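**Q** Pasting in a structure now, in C-alpha cells, and then I'll have a few things to ask.
The values are calculated or read from the model by the stated rules, or taken from the named source; none is laboratory data. Note that this is a predicted model, so its numbers are computed, not measured. All Cβ positions, even for glycine, are placed from backbone atoms using ideal geometry, and neighbour counts span all protein chains on display. The protein model used for the area step is the full one, side chains on, heavy atoms only, and it has no ligands, DNA or RNA in it. Shrake-Rupley method; radii C 1.70, N 1.55, O 1.52, S 1.80 Å.
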Amino acid sequence: MIDSPPRSGGRILIDQLALHGTELIFGVPGESYLAALDALHDSPIRFVNARHEAGAANMAEADGKLTGRPGVCFVTRGPGATHGSIGVHTAFADSTPMIFLVGQVPRGHLGREALQELDLRATFAPLAKWAEQVEETARIPELVRRAFAVATSGRPGPVVLALPEDVLAEEAAVADASPYTPARVHPAVRELSGVRERLARASRPLVIVGGGGWSAETARHAQAFAEASALPVACSFRCQDYIDNRSSSFAGHLTTATNPALARRVREADVLLVVGDPLGDVTTGGYTLIEAPDPRQDLIHVHPDPLELGRVFVPAISLLSDSAAFFEAIEPLDGGAWAQDTARARAAQQAWSVPAPGPWQLDLGLVVRQAAERLAGGGIVVGDAGNFSAWVSRYADFHTYPSQLMPQSGAMGYAVPAAVAAKLRHPERPVVCFVGDGGFQMSGLELATAAQERAAIVVIVVNNAMYGTIRMHQERRYPGRVVATTLANPDFVALARACGGDGELVERTDQFMPAFERALASDASTLLELRTAAEAISPSETITSIRAGRSGGSATG
Ligand SMILES: Cc1ncc(C[n+]2csc(CCOP(=O)(O)OP(=O)(O)O)c2C)c(N)n1
Ligand SMILES: [Mg+2]
C-alpha cells in the first residue's frame with residue numbers, strides 16, 4: 001500500500017477531507033495547524049474564517065444539518081476547542097454529523113501542561129460521539145475515514161479529532177483511504193408487518209417524526225405514507241420542516257409552546273409511531289405527554305441506534321431502522337377508522353397558526369406570518385433560542401426539507417453563524433434569520449464573516465431590550481422581582497453597517513414588509529431591528545397577565 005509519495009500530515013489530512021466530499025471548512029486559524037492551512041493553499045476546499053470558534057462550530061453544525069454530510073470545523077488547542085465546544089454540543093443534541101478538528105500541542109510536549117494544552121479526548125468524551133487524538137502521521141487516512149463513518153452512522157453526531165502540531169508537519173508515505181459510506185439500517189419485512197398490524201388496530205394513532213438522518217426524499221416518502229394512510233403527523237422539537245406543513249396529515253409541532261390541542265392528542269393517542277426521534281424533554285412536554293419509562297400509549301419506536309430503543313421509554317414495538325429505509329419500505333394501510341380525526345388534527349393546527357392581531361404597534365405574529373407568506377416555503381428560516389422563537393415556530397410554515405435551522409440544544413448565538421453557512425450552501429435561496437437582542441449579541445459579529453464571504457443574509461433582530469425568556473420565568477416564579485434580565489443595547493443598525501452590511505429600524509407592523517422586500521433584494525446582508533414591547537412576553541401572555549396569575553401557556557429556549 002505504501003506506494004504514495006511522502007506528504008505532510010497536513011496535506012494528507014486535507015486530501016482525505018476532499019476525497020470524503022468536504023467543500024467547506026469553518027474555523028479560526030491557529031499556529032498549531034499551520035501545516036494543514038498550508039495544504040489548503042492549493043486545495044479546492046474553501047476555508048471560511050469565522051470571528052469566533054463558537055461561530056465556526058455553529059456554521060459547521062448548520063452545514064451538516066443542511067447536507068446530511070459531516071460539517072467540518074477546524075480550531076486550535078484549548079482556547080479554540082473550548083470556544084467551539086458549544087457547536088459540538090448542539091451537533092450531539094441535534095443528531096447532526098460533524099467533524100471537529102483541533103490543532104494540539106506537539107507530541108513531545110503532551111502531558112506537561114504546555115501552552116494551551118488540553119486533554120481533548122477527556123474534554124470531549126461526554127460531548128461527542130467519539131473523541132480521538134491522531135498520534136501517528138501515517139494513521140491520518142484511517143482515522144479520518146473512521147471519523148466520517150462514525151459521524152454519519154446510526155444516530156449521527158459529532159466526532160472530535162485532535163491533531164498534534166508535529167503529526168501535521170511530519171511527512172509520511174501513506175495511501176489515501178477509500179471514501180466512506182455510512183452504514184444503513186433496514187427494517188425486516190416481518191417487523192414491518194408487526195408495525196402495520198398494531199397500527200391497523202388503533203383508533204387514535206399519531207406519527208411523530210424527528211431525529212437525524214432526514215432528507216428531502218425521506219420527507220416525500222413519509223408524507224406519501226402518512227397521506228395514503230390518513231395518519232396525522234407531528235414534528236418533534238425544531239424538526240418542523242420534516243413534512244410539508246401544507247399536507248393533509250400535518251398535525252403540528254411539539255415544542256416549548258405546543259398547541260394544547262396537539263398536546264392532548266399526544267397524551268390521548270392509543271398508538272404512537274415515532275420515527276427517528278430520540279424523544280427528548282421538550283418533544284415529550286417534560287416527559288408528561290409521553291411518560292417515562294412506561295408510556296400509557298403503545299409506543300412503536302423506530303430508530304437506527306439500538307442503544308436509543310428503550311433508553312428512556314419502554315416501547316411496545318422496537319424497530320431498528322433508519323428513517324429513510326423505514327419510510328421507503330412501509331406500505332400504507334387503510335386509514336378509514338381515523339381519517340376524520342386526522343382532519344380535525346389538521347384543522348386544529350391551521351387555526352393555531354393564524355395570528356390574532358394584538359394591541360401592539362409592532363405585532364410579531366403578523367410580521368412572522370407575512371415574512372413566511374412572502375418566502376412561500378422557498379427560503380431557509382434560521383432561528384436562535386429565546387421567546388421570539390415561539391412566534392416563529394407558531395406562525396411560520398415550512399414546505400420543503402431542509403428549510404429550517406434552529407438548535408434543538410437551545411443554544412443562543414446559533415442563528416447568525418448558521419445563516420451564514422446556509423447562504424454559502426444555498427446562495428440561490430433567501431436566508432432569513434430570526435434572533436433576539438440577547439442572542440444577537442452572542443455572535444452578531446459574524447456579520448463581518450458574511451460580508452467577507454459575500455453571503456447576503458437577512459437578520460431580523462427582535463429587540464425587546466431584555467432576556468425575555470428568563471424574564472418570563474422570573475415573573476412566573478418571582479413576580480415583579482426583575483434581576484439580570486434587562487439589556488441596554490447597542491445601536492444594532494449601526495453595528496450591521498459597521499460590519500459591511502445594511503440595516504433598518506422597524507417600529508410598526510406596516511413598516512415591515514417594505515423593509516423586508518428591500519432586505520431580500522439587497523446584495524449585502526441586511527439587519528432589520530424590530531422594536532417590540534416588553535409587555536408582549538409570549539404569543540399567549542403579557543407580563544401583566546403573568547403577574548396577575550393568568551398564565552396562558554409557555555415558551556422558552
Ligand atoms: C448560550 C446560552 N446561554 C444562556 C441561555 C439561557 N437563555 C435562554 S433564552 C435566554 C434569553 C434570550 O434573550 P433574547 O435573545 O433577547 O430573546 P428573547 O427571549 O428576549 O426573545 C437565555 C439567557 C441559553 N439558552 N443559551
Ligand atoms: Mg430579547
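**Q** Has segment 259-266 got any residue that is open to solvent by less than 20 Å² (accessible area, probe 1.4 Å) and touching a Pro at 6+ places or on another chain (Cβ under 7 Å)?
**A** No: segment 259-266 contains no residue that is open to solvent by less than 20 Å² (accessible area, probe 1.4 Å) and touching a Pro at 6+ places or on another chain (Cβ under 7 Å).
**Q** Residues in segment 321-342 that are closer than 18 Å to residue 221 by Cα and either surrounded by 15 or more Cβ atoms within 10 Å (Cβ to Cβ) or in contact with an Asp or Glu (Cβ under 6 Å, 6 or more places away or on another chain) (or both): how many?
**A** Matching residues across segment 321-342 total 12.
**Q** Out of (1) surrounded by 24 or more Cβ atoms within 10 Å (Cβ to Cβ); (2) in contact (Cβ under 8 Å) with a residue 60 or more places away in the chain; (3) closer than 20 Å to residue 73 by Cβ; (4) of a type in the set (Gly, Ala, Ser), the odd one out for residue 409 is which?
**A** If we test residue 409 against (1) surrounded by 24 or more Cβ atoms within 10 Å (Cβ to Cβ); (2) in contact (Cβ under 8 Å) with a residue 60 or more places away in the chain; (3) closer than 20 Å to residue 73 by Cβ; (4) of a type in the set (Gly, Ala, Ser), just (1) comes out false.
**Q** I'd like the residue in segment 480-508 that is more than 18 Å from residue 533 (Cα to Cα) and touching a residue at least 40 places away in the same chain (Cβ under 8 Å) and, out of all such residues, is least open to solvent (accessible area, probe 1.4 Å).
**A** Here the residue is 496.
**Q** When both residues are 6+ apart or on different chains and their Cβ atoms are under 6 Å apart, which pairs have a first residue that lies in segment 67-90 and is farther than 14 Å from residue 25 by Cβ, and a second that is within 16 Å of ligand 2 (Cβ to nearest atom) and modelled with pLDDT of 95 or more?
**A** 86/411; 90/411
**Q** Sort out which residues of segment 468-515 are within 16 Å of ligand 1 (Cβ to nearest atom), in a helix (DSSP H, G or I) and among the aliphatic types (A, V, I, L, M), and write them in order of number.
**A** Listed by number, the residues that qualify are 470, 472, 495.
**Q** Pull out all pairs, ordered by first then second residue, where Cβ-Cβ is under 6 Å, the residues are six or more apart or on different chains, the first lies in segment 232-260 and is acidic (Asp, Glu), and the second is in a strand (DSSP E or B).
**A** Matching pairs, first to second residue: 241/404.
**Q** Pairs under 8 Å by beta carbon, first residue farther than 23 Å from residue 446 by Cβ in segment 16-33, partner of a type in the set (A, V, I, L, M) and crowded, with 24+ Cβ neighbours inside 10 Å, six or more apart or different chains?
**A** What qualifies is 16/140; 16/144; 20/144.
**Q** Could you list, in sequence order, all residues of segment 420-462 that are among the charged types (D, E, K, R), open to solvent by less than 20 Å² (accessible area, probe 1.4 Å) and away from ligand 2 (no atom under 16 Å from the Cβ)?
**A** The one that is among the charged types (D, E, K, R), open to solvent by less than 20 Å² (accessible area, probe 1.4 Å) and away from ligand 2 (no atom under 16 Å from the Cβ): 446.
**Q** Take segment 343-371 and flag every residue that is open to solvent by 10 Å² or more (accessible area, probe 1.4 Å), within 30 Å of residue 228 (Cα to Cα) and not in a loop (DSSP other than H, G, I, E, B).
**A** 343, 344, 346, 347, 348, 349, 350, 351, 352, 369
**Q** Kindly state which helices (runs of 4 or more DSSP H) lie completely within segment 39-149 and contain at least 3 residues that are closer than 27 Å to residue 211 by Cβ and under 15 Å from the mean Cα position of the chain (by Cα).
**A** 53-67, 77-93
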